[in-house]
Structure formats: C-alpha cells, structure tokens
1. List the pairs from LYS626/LYS716; LYS507/LYS588; LYS584/LYS616; LYS626/LYS668 whose alpha-carbon separation is above 19 Å, in the order I gave them.
2. Please compute the net charge surrounding THR265, taking Lys and Arg as +1 and Asp and Glu as -1 over other residues with Cβ under 13 Å from its Cβ.
3. What order do you get for HIS170, HIS14 when you list them from fewest to most C-beta neighbours inside 10 Å?
4. For the chain, what does -39500 (n - 2.57) per DSSP helix run (n ≥ 4), summed and divided by total residues, give at 222 nm, in deg cm²/dmol to the nearest 500?
5. Using alpha-carbon positions, what is the distance between the centroids of the stretch 158-206 and the stretch 1-78, in Å?
6. What value in Å³ per residue do you get for the convex hull of the alpha-carbon atoms in the stretch 212-258?
7. How big is the dipole moment of the stretch 498-722 about its Cα centre under a simple scheme where the beta carbon of each Lys and Arg is +1, that of each Asp and Glu is -1, and everything else is neutral? Debye, nearest 20, please.
8. So how do 668-681, 685-698 stack up, highest first, on mean other-Cβ count within 10 Å?
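No value in this document is a laboratory result; all are computed from the given coordinates. Everything quoted here is computed from the prediction, not taken from an experiment. We place every Cβ from the backbone using ideal geometry, glycine too, and count neighbours over all the protein chains shown.
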Amino acid sequence: MAPTYKISKTLIGHEQDVKGVCFVDSEVVSCSRDTSVRKWHSDRSSDAIYNGGGFMNAIAAAPNGRLIAAGGQDKMIALIGDDTARFLVGHEGNVCALDLADDLVISGSWDKTAKVWNDGHVLYNLEGHAQAVWAVKIVSAKENVFMTASADKTIKLWHHAQCVATLPAHTDAVRGLAILGDGKFVSVSNDTTVKLWQLSSDNKSAKEIKTLDGHTSFVYSVAAISPTEFITTGEDRTARIWNATTGETTQVITLPCVSVWSGATASNGDIAVGGSDAKVRVFSRDSSRFADVVEIEDFEASVANSAIGKDQVGEINKDKLPGPERLSQPGTKEGEVIMVKGNGIVEAHQWSAASSSWTKIGEVVDAPGAERKKVAEDGKEYDYIFDVDVEEGQPALKLPYNSNENVYAAAQRFIDRYELPQGYLEEIVQFIIKNTGGVNIGGDSGPAPDPYGGRYVPGGEVSGPTPSVSASAAAAAPSIEPAPFPLTTPLFINTYNAAALSKGLDKFNSSEAAPLADDELSALKLALSKNELGSSLLSVVLKIVSSWSEPLLGLDILRLMAEKLGAPKPEIVTAVEGAVASPKLAHKLMGVRFVVNSVAAKNTFPDVESVIDTVKGTLADYKSEKLFGQYETAVATLLLDLAVNAYDGGNVEAAFGLLQSISEVWEKVTGNEAVFRLAVAAGTLFSLKSEEVASCYDLFNYASLVARPYDELRLKKVMVNLTK
C-alpha cells in the first residue's frame, strides 16, 4: 500500500473560492474568484502575480515552470512570466480550462470552443462542441494532437484542427481530463463518476476501460500523480487518490469545505487542493514535509467540526441509526462513510484503511451546510438555478445566479432572456435575495424590518451591515467590476408584494373614518395584482395619504407609481415632502423612495435639493431605529441616481453640489451598502473629468473617507478605484 498523504500546510490569502491550482517545481500557484493569481513561497507567504478583470477559473504551468497561464471571466488568457504578462485575446466567453506543452497553449471556454495558441496567435480553432468546453489537454505537441471535454457530455480528439473522434463519455458535463502513462487517460464528470480510457496507437480513437465510483456529487478535477496513480476532487468535500491499475480508491481526504474545486500534483509527489473556503491545502507523503502535530490536529478538528447539511447526505431516520458502538466494527473499504447517533447528534465518520480506524468528518445538521451546492445549466456553472413561476399555467422559467455576481445583473439577464417587463427588475432582485439564504443587498441574514410592524411588506430592502465577503461571497448591487463607475443606469426601488399590500388595504380600510369605496378598493387591489398601477388611480391613493389616520400604505403605493406619473403634480409633491419631513422614519423612507423612483425615471422632482437637505440634517437622528439601514440605503440610492443623471447630462454644476452632499451623508451612514452606493455615486461624478469636479476630492475630504478601513471585498475594490 502506498504511503498515506497528510496535511503539509494550509495557505491562506485568497478572499474567495480557489478555482485552480498548479505547481511550479514545489511552489504552488493558485487562482481564485477574488480575481487574483497568487504564487506561494515556502514560508507560506504569497505574491499576487496577476489580477484579472473578473473571477479567475483556470490556471496551468508550462512543464519547465517558466510560464504560467491563467484565464477567467474577462475572456482573456494571461501568460505570466518572471516579470511580465502577455495576453491571448479571442474567446467570447469565460475561459475555464488551460494546458501548456512546448510552445503551445490550449484553452477551453464557455463559448463552446477550444483554441490552440502559438506565439500569441490562434493556431487552431477547435469548434464542434455543443456546450461549454470544461477541460482541455495537449496529448502531443509535436504531432498536434489535442483532447477536449465538454458540458455536452462528450470528449473529442483532435488532430490539428480536425476532430477525429467524438466519445459519448458521461451522462452529464465532463469537467476534467488527465493523461496517464501508456496511452491511458482519465475523465471526471458531474455524473459523479471517474472513467479510465485507453487511446489507440494512432491517437484517433479511445476505448473506455472501466468506470470508477466513489464520489457522491460532482467531480470537478483530476490530475496525474504518476503513470498509474491520480487524484480527483469534487463537490462531496473530498479529494480521492486512485490506483489506475486496480481502479481502487487508496485514500479519501475529506476537507472542511463543501466544494473542492481543484487539485494538482508536484514532481515530488505532493498534492495541492483549492476549495470553496478560499484556502489552498498541500498534502505530502514525505514525513519530512508533514505539518507539525498542532497543525495536523487543527486540520482534523476543522473537518470533524464541519456542519454537513441534510441536503448532502439525504434523509436520515435518527431513530434507526446505530450508536457510537458501531465504530468498534471495521469498515469495508477506504473512504466508507457511516452515520452514528450520540447525545442527539448525528455524526459522520469515515473509514481509513491505512490506519484501520474511523475518523469523524462532521456533524449532520437540519439546515443546509455552510456553503451552497453548485449546479450547472447549459454547461455553465451557477451556485443556484431557481424555477420562477411568472405566469399561472405556464412552465417555470430558469433563473441562474452566482453568489459573487451583481444581483441586478443576474436579474437583468433573466429579464432579457425571457423578454419580461422591465418593471419586474426589483422583484426579481428581492426574489434572489430571499432565496439565497439572506445574502443580499446591504443586508444581514435576517428578514427585513417591517415599516408596518410585524409583517413583511415588499419594497423593503434589508437593513444592517453587509456580511464580509468570504467563501460564500455576498452578492451586492450595484457591484460593477472591474470598474464600478461611471454607472449609467439609475436604480429603482419598486419591488412589492401584491397580496400583502391588498391584505393591508382590507384591514385598514374597514377601520378608517374616510374609507375607500368598494369600487375604489377593488380597482386598487386589481391594479396591484397585475402590476398596472397608473395615473387613473392617483386620486384613490392620494385619498389614503391625505385622509387616513395612518398614510403609510398610501405612501408605499404612491412610490410604486412614481415611474409612470411623469413630473409630479403639486398635490403629489406636497404629500411626498410631508412624508420626508415627518418625524416617523417609515414615512420618511417611503417619501425618499418616491423621489428615488421619480429621479430614476427622469421625472423632474421639484426642489430635490431641499429633500436632500432635509435628510442630511436628520439622518443621524435615526441610527438606533430598525429601519435605519433601509433609510440610509434609500438616501444613498437617491444620490446615486442624481449622480447618474448629472453624469449623463455632463452637468458639472450639479456634480459639485452632489459631491458635497455625498461626502456629508457618507460621514453619517453605517451600512456597507449605503457606503458602496455613495462611493459609486462619487466615482460616477469624478468620471466627468472636469477640473472643477476633481477639486471636490480634496475640498470635501474624500481622501479620508476612502482611507477608512473597510472589511468587505467590493468596498476595498471600489476604494482603490476612487484613489486613482
């Protein structure tokens, strides 16, 4: 039996998922969703040797180690040398696979193609896959033989630019390829299987040798350790070592993260894996490179204390589980996992054939694990794919979303794909927020504070601090990378829940001294249900605002109408200004939201400067209230939309006044979302490139605002842009 791998070191420095790893000699190089490529040194320090224009997906090193290739969301391939970087430009989608040999580079992309590059130019375009190309290999650089694998479930063999064989390889997307010795290669797939293949002597065909089972979820990567041994990694928290001769798993390494995205092997036999917890871990069979006892125990404890969601292990009947005594019986094979019950806790234990013992690998909890399961649609990878019922009786529409992307961009992509009304944007945004476990715009993981008290009313953005970006990165809007400004599209705050508002109307109307007539109430509820609030209902809504003892419902509905009302009439302006000046924060919130939507629709709101002056003067007075997070975000959104309009019109005079207001409000807000929107607003105005505007940077103290310590990745990035 081969020696057992043990933890050698944990490399900490990335801020999001580590999507790719490779070795240059014995040093690890990694790429991450945080946009960086890092080279790690023996003392565990690292240098960011490249930063891409979006999240990085793939990395590979030339056999001589002199060149590193990295690719990702920005569709480019960076060729990184000792002191320089060159770029290969040609793909039309995310670059997700790379390989290097001799003077050749091969790349695979979401654009369904692979490209072979030589001396900075495309040598061959490999076209024929029906979906994204997830894996590429150079079989022979001398003979120009290549291999590609795709989300279309096939593997293709290529001689020069000609496809000579298409192998129906798996029942789901093929995610990785590795070449072994004697013409053998390995493929891995989302179908959870690993397959061994034998190439023909002329490299024009291949035959499947055997299918290897062991992984319990998507298998993401495979790398050769030797001609007869390889490592695979997957969504089941494991890296698995396989014997290619016997087809047996020789070791299962469980990690304290759900997604083990990538694996690589070094010439000295060490292996490295990158995971969704933003860490790279190196394992070795050489005892001289083992971590010390404390680090080994810490690693084992982090695995043992991992929370395993029921969604990862299926339904469990606690009453039928054995107790700890089951651990006295040996396992049947390497990596076997059993569940035992003790003190009301369900524990998962894994069998190690090397040590002939069970090792605890986590505790099963009712809620999903700390990270989300990744899924795939049309060959592209997403953290979530939702079924959205837009129209009764019609099939659900697919809404894909990645946790690190701009939530507004995902919503807009969904609207464009299915040609839905633009008015759905905010509702879709809130749907994503609600269904991604509280990862939301400027929000904590709890529900939104309710301006009505005790029930959820749509239109409310979640208050509180935005969580720091970690392995499960928080999505935020408007998160526009890599350059977050100038923003050219204003933001609306117009999501709502028709059923909740209708229920509120019924409840309050019956107790008011000046209730709505039955036909008025019915017409208003019908318009809410159909998202058809128009000017014909304005008198009904204004009746609620002016005559009811509690006008909040009317104010909420009024702000939903702002986009369609054109320039507000005097009676509307009076109602809105009264709400903004109200001592009640819920009223202020709805008043500001009306102005936001009016400005976003370019419906000139008279004397908007007085609205800004009012909110600036009283903003700090409400910091202790539950709705403050929503309120400060609404104020920041108003300034952002005004900045967008000023930039669009090249209005330097307006920019000067707005930059003063943005600075003053920035001094008073506390939430990350408000800060982010204010920073984007300022950056949008500074993009006017006027000397008068530029002078505002020093005049209004932006240097100190930008220099404050910010712990969220998107804030750090936007501040870097603001210092330029």
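1. Working: LYS626/LYS716 27 Å; LYS507/LYS588 23 Å; LYS584/LYS616 15 Å; LYS626/LYS668 16 Å.
Over 19 Å apart, Cα to Cα: LYS626/LYS716; LYS507/LYS588.
2. Values: positive: ARG285; negative: ASP25, GLU229, ASP270.
Net local charge, THR265 excluded: -2.
3. Working: HIS170 23, HIS14 27.
Lowest count first: HIS170, HIS14.
4. On the way: 18 runs with 198 residues, N = 724.
The per-residue figure over the chain is -8500 deg cm²/dmol.
5. Value for the Cα centre distance between the two parts: 25 Å.
6. Values: hull volume 2.9 nm³, N = 47.
Convex hull volume per residue, Cα atoms: 61 Å³.
7. On the way: 22 positive and 28 negative charges, 117 e Å.
The calculated dipole for the stretch 498-722 is roughly 560 debye.
8. Details: 668-681: 25.4, 685-698: 15.7.
Averaged packing, sorted descending, gives the order 668-681, 685-698.
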